[in-house]
Amino acid sequence: MDYAYEMIVCIVNDGFSEAVMDAAKEFGAGGGTVLFARGTAPQEAESFFKIPVHPEKELVMILVPRELRDNILHALYRSVGLKTPGQGIAFSLPVDSVVGLSQPGQEEPD
């Protein structure tokens with residue numbers, strides 16, 4: 001199945017949602033939604049990944065046309081990835097239908 005939109009989800013340490021949106025907007029994202037979250041990880045995760053695990057997180061959801069997905073994911077990896085202070089991970093999910101978005105040149109149904 002071919003999906004027109006993808007939802008990019010990026011989970012970063014508290015205070016890095018602006019950096020997420022800056023990177024995403026550089027490659028065409030219009031905006032996003034930030035949720036505040038708390039991460040859980042066993043103590044072993046810190047020693048395995050060799051990074052400190054901060055429990056306070058920000059979850060950024062960005063709905064984008066599918067053709068923007070790869071560039072945005074790569075930008076997120078570079079700017080807020082695991083080897084940065086943001087310690088972020090990002091992934092995308094296909095979206096099979098969307099309402100409430102207007103595209104240039106398209107009219108909203110009545």
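Please list, by residue number, every one of the trypsin sites (Lys or Arg not before Pro) in the range 60-95 that is coil in DSSP and has at most 14 other beta-carbon atoms within 10 Å. Walk me through the numbers on the way to the answer.
Working: sites: R66, R69, R78, K83; in loops: K83.
Filter output for the range 60-95: K83.
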Output row, site V98, 7 Å Cα→C-beta label point, backbone N cut-off 11 Å, window the range 51-87, residues 62-69
Fully extended contour minus Cα-Cα distance, from H54 to V9, at 0.36 nm per residue: 14.4 nm
Between the alpha-carbon centers of the range 78-100 and the range 6-27, tell me the distance in whole angstrom. 7
Could the peptides 89-97, 57-65 be put in order, highest first, of the mean number of other beta-carbon atoms found within 10 Å of their residues? 57-65, 89-97
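Bear in mind that the values in this text are calculations on the coordinates, not laboratory data. Keep in mind the model is a prediction, meaning the values are calculated, not measured. Here the Cβ is made from the backbone with ideal geometry for all residues, glycine too, and neighbour counts use every protein chain on show.
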